[in-house]
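Engineer: Once you've had a glance at the structure underneath, I'll fire off some questions.
The numbers here are math on the coordinates, done by the rules we state, and not lab data. None of these values were measured; they are calculated from a predicted model. Glycine also receives a Cβ, built like all others from the backbone with ideal geometry; neighbour counts cover every protein chain displayed.
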Amino acid sequence: MILADVIGTVVAQAEVVPALRGRTLLLVRPVTPEGSAVQRKPRVAIDTIGAGVGDRVLVIDEGNSGRQILGARDAPVKTLIVGFVDEVEIGGRVVYDHRAQKEAETI
């Protein structure tokens, strides 16, 4: 699994792939647990949880897992958003807290 920030939306005509019909595609940027961008390129992910720009999410980047989650055995899928990140703790220290992040944005 990869930690990532949702940085944008992708609009594509994906109707030719039945497994993507009606799915939202989001642009995600892999990040460290503290939130710094990782040197990997952003990637397009299929949203399965209702995420949006600004959310920190868990991403799987492995085709077989993605196909199992979507229940689409032959679908050309690889990267899926599968969870929201509420908090990241390393060695007893909280390095990311979604609630604190949202509170800071409203001030």
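Engineer: Over the chain, what relative contact order in percent results from Cα pairs under 8 Å that are six or more residues apart? Each step should come with its number before you reach the end.
Structural biologist: Values: 204 pairs, mean separation 27.2, N = 107.
Once divided by the residue count of the chain, the mean separation gives 25 percent.
Engineer: Kindly put 26, 3 in sequence by how many other C-beta atoms sit within 10 Å of each C-beta, fewest to most.
Structural biologist: Values: 26 25, 3 19.
Ranked by crowding around the Cβ, least crowded first: 3, 26.
Engineer: Where nothing but the Cβ of Lys and Arg (+1) and of Asp and Glu (-1) is charged, how large is the charge dipole of the chain around its Cα centre, in debye to the nearest 20? Before the final figure, lay out the partial values.
Structural biologist: Details: 13 positive and 14 negative charges, 87 e Å.
Roughly 420 debye, rounded to the nearest 20.
Engineer: Right, something else. May I ask you to evaluate 6.51 cos²θ - 1.76 cosθ + 1.60, the Karplus curve with θ = phi - 60°, for each residue of segment 67-76 and list the ³J(HN,Hα) values in order in whole Hz, giving x for glycine and proline?
Structural biologist: Per-residue couplings from phi come out as 5, 5, 4, 7, x, 10, 4, 10, 6, x Hz.
Engineer: Also, I was wondering about something else. Considering every Cα-Cα pair within the chain, what fraction, in whole percent, is farther apart than 16 Å? Could you put the intermediate results ahead of the total?
Structural biologist: Working: 3346 of 5671 pairs.
Result for the distance tail: 59 percent.
Engineer: If you place +1 on the Cβ of every Lys and Arg, -1 on the Cβ of every Asp and Glu, and leave all else neutral, what size is the dipole of segment 2-50 about its Cα centre, to the nearest 20 Debye?
Structural biologist: On the way: 6 positive and 4 negative charges, 32 e Å.
Dipole size: approximately 160 debye.
Engineer: Sum -39500 (n - 2.57) across every DSSP H segment of at least 4 residues in the chain, then divide by the residue count to get the 222 nm mean residue ellipticity, nearest 500.
Structural biologist: -4500 deg cm²/dmol
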